[in-house]
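Derivation of every value follows stated rules applied to the coordinates shown; laboratory data play no part. Since the model is a prediction, treat every value here as computed from it, not as a measurement. Note: ideal-geometry Cβ built from the backbone for every residue, glycine included; neighbour counts use all protein chains shown.
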Amino acid sequence: MSTTDVVAPATTDELVAALARATPMTRLLAGGTDLVNDIRRPGRQTDLLIDLSHMPALSYVRHDGDMLRVGAMTTFTELQADPLVHEHAFCLERAASQVGSAQIRNVATIGGNVANASPCADGATALVALSAEVTTLDGSGHRATRPLRDVLLGSGRTALTDGEAIVEFAFAALGNEHRSAFAKIGWRTAVSVARLSMALVVRFDPVAEVLSEVRVGLGAVGETAFRDAVLEGLLEGRPADEESARILAEGCADAVRRSIPGRYSLPYKERAAVGLAYDAWNALRICPPCEPAWG
Amino acid sequence: MTEDLRYVGKSYPVHDVAQKVTGELVYGSDLNFPGMLHAKLLLSPIAHGMVRSVDSSRAEALPGVIRVFSHLNSPADTYCRARIYPGQECAIDETLFSEHVRFVGDRVAAVVATSQAIAEAAVALIEVDYEELPALLTTEQALERADVPIHADGNLLYEHHIESGERVDTSGGVLVSSTTGTPRVHHAALEPHVCVAQGHSTGGLTVWTTSQGVYGVRTVIAELLGLEYHRLRVIKVPMGGSFGGKTEFILEPVTAFLAHETRRAVKLLFDREECIRATMVRPATETTIRTACAADGRLLDFEAATTLDSGGYAASTPDYADHMCEKVTRLYRLPHYDHRCQVVYTNTPVAGAARGWGAPEMITAVEIHLDKVARRLRLDPVDLRLKNLIQPFDIDPVTDMSLGDARVVECLERGAVAFDWTARRARARGKGRYRRGVGVACGAHKNGMFGHFPEASNMALKMNEDGTFELSASLHEVGCGVVTTMKIIVAEVLGVHPDLIAAGEADTSTTPFDYGTFGSRMTYVAGACAEVTAKKLKSAILAAAADVLQAPVEELVAREGVVYVAGAEARSVAFRDIARFGDMKHLPAIRAAVTYYATSNPGSYSVQFAEVEVDCATGLTAVTDFLAVGDVGRAINRGMVKAQFQGAVQMGIGYALYEHVDVDEAGRSGVDGFKNYHMVNAPDMPDIDVLLVEHEGDHGPFGAKSVGEIAMVPTAAAVVNAVNNALGTELSDLPLIPDRIIAALAASAGGGA
Amino acid sequence: MELLLTVNGTVWEVSARPTARLIDVLRDQMGLSGTKEGCGEGECGACTVIVDGKAVNSCVMLAVQALGKEVLTVEGLAASGELDTLQQKFVEQGAVQCGFCTPGMLMSAKALLMANPLPSDQDIRTALAGNLCRCTGYKNIVAAVRAASGQETVAMEVPSEKEELLADLAVPGLAPAKLDEGGE
Ligand SMILES: Cc1cc2nc3c(=O)[nH]c(=O)nc-3n(C[C@H](O)[C@H](O)[C@H](O)COP(=O)(O)OP(=O)(O)OC[C@H]3O[C@@H](n4cnc5c(N)ncnc54)[C@H](O)[C@@H]3O)c2cc1C
Ligand code: FES
Ligand code: FES
C-alpha cells in the first residue's frame, strides 16, 4: 500500500500548482464515480489525488456569444436542470438525465465522463454530436483548446497528458432552427450503461423544409463515441419525413456493422440500432412519430 | 373459522422495524469485537486444476498478518455444506481449502490479519502455482469427459427417477415436446455474506452467523473441527436477506476454523464479487418434457428429463433434484408421470438452495410447455389448465400424501376474472414495433419437509411476572417477518396483543432444536408449534386462574389478558395478578414446552398473470401489469403476506428477463457485480396486485400455509408465456434478454426489419 | 490524514487514509453503521447518504470530497428521538423487510422530498432507481414515500391498526401499554 497525498485546490492558481506536481501516478478526482473504484483495484498506485470538488469556478453553464460554455465540474444533475442546456443543447440535457441514478448524477461530472473515455459515456456522446471543443489547463498554467474528437482516442484512452485537466467544454449553441435529441438502449429503463446510444443534432429550415447541419454521435459501438459522416451525409438536404427516419435507421444499422464487424453483439446491435434511430428521430419532433415497418 | 380473530389476519411490520428504519440494528456485517481480526480468502482464478504449490512467505512477512492457511496446514476432511443434522445423508465432497480446485472462486487460501486492508494486501502476495485441467463448463461436456473427473466418483453426481400411474392409450392424442433452460442466478440478498467467530482460549468457539439454520451450522463445524457440541455456540444475528443463499454453510466452517486456530475473533466479510463467484447460485437446469394430450386438452402422459448443473460441489443439489420430481403431480392430475433427473458436476459456481427449492425451475418448464400444448390444441391456456389441475384433497401419486385443501382451481378462476383474462387475451397483440401479450402460469409448492424426514419443531413459552410473555424458539428472521408471525399466533391464542410477547432468534445455547427457516416450514410447522405451545400455556393460566378465582376451569374464559368466570363477569383476574398471586405461587408453573411433529404436507399454490409489452426493435420487455393470486390457507400477517408476493415477483421477473451468471470459455463469469448483474429496479417494476384465497382447511396455525417460496414459483413462466403470446414465439431459454428476443424475431419469418 | 467532517450536525475529527471512502469513515471511524454496503460500486444505493442536500453513494465518494459539507446519514433522521415522518411511513406501509436497503432508501427518499415535496409515483420511482431492494418489490416503499409527502396512498391496509389495538388494551391490571416499539 503506497501512500497517497491529496490536494484540494480552490482557485485556478492552486490548481495549476497542483497540476505541476503531477506524475504518471497522479489522478484527478472529480465526482469519483469512476475513479474511486478504479484506484481501489489491486495493483493501482496513486501518489497524488487532485480533488477538484472544491473548485466552484469549474462548475457553470454560460452563454458566450454564439457559444455555450460548460465547466468541467458541472454535474449531470446540474446539466439536466439547466435552462441554457435545455434551450441550446437539448441532447446534452437528455443524455444527462439518463446517466446512472440520482445519486450518480448528483456527483458525476461531465469532465470526468469525457476524461474516463468509456465508449458508453453518455455525456461524451452528446458532446461529440455537438462538435464540442475541450479546453484544458496544465501545470505550467497553459490553456489549450482542441476538438473533443482529438481528445477521445479509444476505450479508456485520451490525449490528455499527466497533469492536464479539462476545464471547459464549448460548442456552438443550438438556435431556434436546430433540434437535437438523445436516445439510449441499456439493459433496463434506468441505471444502465448504454449498450447503444445516439445523439442527433439537425437544423431544420422551416422555409426550405429540409434538414441540414446533420450531426450524429454514436456511443457504445466501437472504441469511443464518434460522429458518422456517412450517416450524416445521407440525411443532409432531406425533408423531415418518414423516409428520412428510415434512412437514418438503415444508416445507423450500417454504421454499427461497419464499427463492430464480426463482434458477438453485432446481430443484436444492428437491429437495436434501428430502434435507437427511431427513438432519436421521434424525439426531434419534426414530423409525426413513426416506427420501423416490421413484416 | 367460527371464532372471530383479533390479531391474525391483520397487518404488522417486521418485529425489528424500528431499529431498521433508524439504522440502529446491528447486522452481521456490522459486527465488531475488541481485538477482532479480519480474514480474506484467496479464490481460485482458474476453473479446474491442481494446486501445485502455495508460497505464502511474502504474505506472512507483511506486518499485521497473523496467519496464512491453505490445504497445506488445514484439515483435509471433507464435509457437506448443506448438512443440517448429524448423520443426514448428503454428498460429502468439500474441504476447507482445495488442492484440487473445481471452479473459479474455489477456496485456495486464507489470510488472517489485523485489518481488512492488510488481509487484502497479503492475499495478493500469496503465490500459487496451478496445474490446469480441462474445464468442463456444461453438463454435456462433463458427461462426455469421463476422463476428467471433477470428483473421484465421476461427473455424474446423482440420478433420480420417479414414475407414478400407468401408461394409458395415447393414440389419437396430441404429442408435444419442449425443452426449457433455466439460468444460474445470484440470490442477490442485499447484505453480502459474512460470518464472525470467536475462538476461546478454552478451545470452545462462538459463531455469529447470518444463516438460516444455526443447528446445521453447529453440526457441520463441530464435526469438521472435532468439537463437542456444547462447546460450540452458534448465534443467529440480523441479516440483510437470504433467499436460500445463506441456507447452506459457506463462510461458517472456514471462519470457525480460522478463529479456532488463532483463538481470536475473526470476521470474514465477502464483497459482492465474491458473493457472486464464491458462495452459491440457483442451479441451472434443462428440462425436456413430452406430453400426450387428448384433443379436449386432458393430459394423458407426462414424461420429463431434467439435467441439473451442480457446479463444482454437490451442496444440496441431489435433494434439489428429488424435489424437482415432486412438483408436477402436486399441480396436475396425471394418469402417468415419468421423470428422470440427473445432477452433474461442472467447473462452474456451486449451485444449491434457492427460494422455491426446485419449484421455480420445474414449474417454469411445465408452464411454458403447457402454453405450447394450448397453442397446438388451440385452447385457451386457462381452459387447458382448468382441465388438468388437481382438486382439493387429491392424493399426490408421487408422495402418496394428500395435497390438502388445495385451491389452485379457485386461484385460477378468480384470478382470470380479476385480471380480465379473456378480454385481454383476445385483444390484438399489435403489428408494429411494440407488441403486447398476456400470460398465465400456475405453481405448486410444499409446506415443510414432512414426508422426507421427521418434520418437527420445538418451542417454550413462559409468562413473566408482569403478565408479558417470552417465546423461546430457534427462529431465523430473514426479512419475511417470521418473528412477528409467531408473536401474532401466540397472541391470538392467549388473547393479548402481540407486542406483549417477546420472541428472540436462534441461539444453540439457549433456544431449542429446530432445523431452521427454510423449506416453507416456518408458518406451517413452526407456526403450528407456536399455536400448540400457546394453547398449552393458556391451559396453565386457566388452571392457575381457577385456583385464584375459586371456580372450575371449565367455566373460565380468557379475553384480552383477563380471565373471567363465564356468566359472572364481575369475577375476573388479570394475567398479571395471576402471576403475582400468593407470592408467585402459580407463576413457576405457567410455562409450556412443546415438541410438535408435523403430520401433513399440503400444497401451497399460486397462479399469476402477466401483461408485457415487447419492443421488437430493442428486444426489451416491459412488464406492464401483474396479478399474483395465492392459496395461502390463511394470512397470519396480511400485509406481509402480500409483500412476500410483491417481492417474489421482482425476483421472478428478473429470472424471466434479466438475471444470469454466465461463464466464458475459461469458466469465469463476466458477472462480477451489480453493474452487470441486472435486477429489476423501481422504474421497471409493475404495480403488482395480490389476491389471497383463504380456506384454512389444513393443519397450519389458524389454517395458514406457506407463502415465501410459492410466491415466486410461477412468476417467470407467466412472464415468458406473455412474451410468447406477444410475439408468437416459443422462447423457452431463460432469461429472455434482448439479444435472445431479437434473435428469435430475426429467425421467425416476417419479424425482420 | 486528519479530517474534519460534519455529520448529522456534529463536527467529527477523524484520522483516515486519504483514499478512504466516505462509507468507511462513517462506519468504521464514527460507528455510524446504519449506512450499509451492498455492492461497493454505486449500483445498489444501500450506502446512500445526503451531502449538502443531495443523495450520493458513499461507497464511490472519498471522505475528502465531503470536507466542508454537511453529511446527513440515517442516524440523523430521528435525531430528536422521534421518528421522521418518512421513517414512520416506512413502518406503517410495510416498506421494510430485511431492512438492509432501508437506510439508503430513506436517504434517497428524503433528498427527493427535500427538493420536491409533492412527487408523483414516477418521480419517486426515478429517485429510487439507484436503490435496489431484493425483498419488497418496491410497491410498499413507493407507497411510504407517497404517504410521507402527505399524498393519499393505497398500498397496504395496515396503518393505525396498532394504535387502535393499544388503546383497546388499557384493561386494568394488564401490563403497561407503554411498549418498546419493535420488540426486543
Ligand atoms: C452506478 C453507476 C452508473 C453509471 N451510469 C452511467 C451512465 O449511465 N452513463 C455514463 O455515461 N456513465 C455512467 N457511469 C460512469 C460515471 O458516473 C461517469 O463516467 C461520470 O461522468 C464520471 O465522472 P466523475 O466526475 O465521477 O469522474 P471521476 O470518477 O472523478 O473521474 C473519472 C476519470 O476522469 C478523470 N478526470 C475527472 N475529471 C477530470 C478533469 N476535469 N480533467 C481531466 N481528467 C479528469 C479522473 O482522473 C478519472 O480518471 C456510471 C457509474 C456508476 C458507478
Ligand atoms: S454500496 Fe454503495 S451503491 Fe451499493
Ligand atoms: S428490505 Fe431487504 S433489500 Fe429491501
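Observations on the structure shown:
- Over all other residues within a Cβ to Cβ distance under 9 Å of A:ARG179, the charged ones net out to +1, with Lys and Arg as +1 and Asp and Glu as -1.
- Taking a point 7 Å out from the Cα of B:ARG376 in the direction of its Cβ, the residues of the range B:270-314 whose backbone N falls within less than 19 Å of it are B:287-306.
- Loop-resident sites, the range B:659-724, for GluC sites (Glu not before Pro), counting at most 10 other Cβ within 10 Å (DSSP): B:GLU665
- Average Cα contact separation per residue, chain B, under 8 Å, 6 or more apart, as relative contact order %: 16 percent
- J(HN,Hα) series, the range B:179-189, from Karplus relation 6.51 cos²θ - 1.76 cosθ + 1.60, nearest Hz, glycine and proline x: 10, 10, x, 10, x, 6, 10, 8, 5, 6, 4
- Computed FRET value (nearest 0.05) for A:SER212 with B:ALA418, which takes r as the C-beta separation and R₀ as 45 Å: 0.25
- Of the GluC sites (Glu not before Pro) in the range B:415-487, the ones in a loop by DSSP (not H, G, I, E or B) with at most 13 other beta carbons within 10 Å are B:GLU465.
- Distant-in-sequence amide contacts of C:GLY68, defined by a placed amide H-H separation under 5 Å and a gap of 5 or more residues or a different chain, comprise C:THR6.
- Residue-wise HN-Hα couplings along the range B:504-511, as the Karplus relation 6.51 cos²θ - 1.76 cosθ + 1.60 with θ = phi - 60° gives them from phi, are x, 9, 5, 7, 4, 7, 10, 10 Hz; Gly and Pro carry x.
- The range B:121-174: GluC sites (Glu not before Pro) in DSSP coil with no more than 11 other Cβ atoms inside 10 Å: B:GLU166
- Among the listed pairs B:LYS267/B:LYS642; B:LYS20/B:LYS267; B:LYS20/B:LYS462; B:LYS446/C:LYS139, those beyond 24 Å (Cα-Cα): B:LYS267/B:LYS642; B:LYS20/B:LYS462; B:LYS446/C:LYS139
- Estimated FRET transfer efficiency (A:ALA144, B:SER748; beta-carbon r; R0 60 Å; 0.05): 0.65
- B:HIS161, B:HIS260, A:HIS178 arranged by Cβ crowding within 10 Å, fewest neighbours leading: B:HIS161, A:HIS178, B:HIS260
- Whole-Hz ³J(HN,Hα) from phi, Karplus 6.51 cos²θ - 1.76 cosθ + 1.60, for the range A:106-115, glycine and proline x: 5, 10, 5, 10, 5, x, x, 4, 6, 5
- Stretch gain in nm, segment C:GLU70-C:TRP12, where the contour uses 0.36 nm per residue and the Cα spacing is subtracted: 19.7 nm
- Dividing the convex hull volume of the alpha carbon atoms of the range A:57-172 by its residue count gives 95 Å³ per residue.
- Net charge contributed by nearby residues that have their C-beta within less than 14 Å of B:LEU745 (K/R +1, D/E -1): +2
- With R₀ set to 45 Å, the beta-carbon distance separating C:ASN116 from B:GLU140 gives a calculated FRET efficiency near 0.25.
- Hypothetical label at B:ALA666: residues of the range B:20-62 whose amide nitrogen lies under 12 Å (7 Å Cα-Cβ projection): B:45-48
- Under-5 Å amide H pairs with B:VAL690, H placed in peptide plane, nonlocal only: B:ALA628
- Under 16 Å from the Cα of B:LYS536 - aspartates and glutamates, other chains or at least 8 residues apart: B:GLU470, B:GLU492, B:GLU554
- C-alpha center-to-center spacing [the range B:456-505, the range B:516-551] in angstrom: 10 Å
- Stretch gain in nm, segment B:SER201-B:ARG231, where the contour uses 0.36 nm per residue and the Cα spacing is subtracted: 9.6 nm
- 222 nm mean residue ellipticity, helices alone, for chain B (DSSP H n ≥ 4; -39,500 (n - 2.57); rounded to 500): -8000 deg cm²/dmol
- As a length-normalised measure over Cα pairs under 8 Å and 6 or more apart, the relative contact order of the range B:142-237 settles at 18 percent.
- When B:MET522, A:MET67 are arranged by Cβ crowding within 10 Å, least crowded first, meaning fewest neighbours, the order is A:MET67, B:MET522.
- Approximating the spin labels as points 7 Å out from Cα along Cα→Cβ, the B:ARG58-to-B:ALA124 distance works out to 1.1 nm.
- Filter on B:LYS675/C:LYS69; B:LYS246/B:LYS538; B:LYS487/C:LYS89; B:LYS387/B:LYS487 - keep pairs with C-alpha separation over 31 Å: B:LYS246/B:LYS538; B:LYS387/B:LYS487
- The helix-only estimate of mean residue ellipticity at 222 nm for chain A, built from DSSP H runs of length n ≥ 4 each weighted as -39500 (n - 2.57), is -10000 deg cm²/dmol after division by the residue total.
- For B:ASN155, nonlocal amide neighbours, meaning residues 5 or more places apart or on other chains whose placed amide H falls under 5 Å from its own, are B:ILE150.
- Normalising the average separation of contacting C-alpha pairs (under 8 angstrom, six or more residues apart) by the number of residues puts the relative contact order of the range C:1-115 at 29 percent.
- Candidate aspartates and glutamates for bridging to B:LYS372, where Cα separation is under 19 Å - those fewer than 8 sequence places away on the same chain excluded: B:GLU286, B:ASP296, B:ASP301, B:GLU303, B:GLU361, B:ASP380, B:ASP383, B:GLU611, B:GLU730, B:ASP733
- Taking label positions 7 Å along the Cα-Cβ direction at both A:HIS63 and A:GLU177, the computed distance is 1.9 nm, reported to one decimal.
- Charged neighbours of A:PRO83, selected by a Cβ distance under 13 Å, balance to -3 (K, R count +1; D, E count -1).
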